[in-house]
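Here's the structure, in structure tokens; my notes come after.
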Amino acid sequence: MTIEPGHFYRDRDGDVWQAVSTNALMFAANADRDPDVIPFDVMPAATVEAQDGPLVEVRPAGWEEV
């Protein structure tokens, strides 16, 4: 998947990430409010995709798929 800075992506668990570069994602919202990830943590996009993928691009208004 091509990661575009500024765009938002939802992982298979429903958590939302924002791309801060083409290869890094910042955690933005936890789907189930579980404190397993601290908001604003930045992780390599490849790590997020490998652990929680696939990623789907979403829009912030209602987090609908693009």
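Listed by first and then second residue, the pairs with beta-carbon distance under 6 Å, at least 6 apart or on different chains, first residue in the stretch 6-33 and of a type in the set (S, T, N, Q), second surrounded by fewer than 16 Cβ atoms within 10 Å (Cβ to Cβ) and outside any strand (DSSP E or B), are Ser21/Pro5. Here is the figure for the stretch 28-60: residues that are surrounded by 12 or more Cβ atoms within 10 Å (Cβ to Cβ) and modelled with pLDDT of 90 or more total 13.
The values are calculated or read from the model by the stated rules, or taken from the named source; none is laboratory data. Please read these numbers as outputs of a predicted model, since none were measured by experiment. Cβ atoms come from the backbone with ideal geometry, glycine included; neighbour counts cover every protein chain shown.
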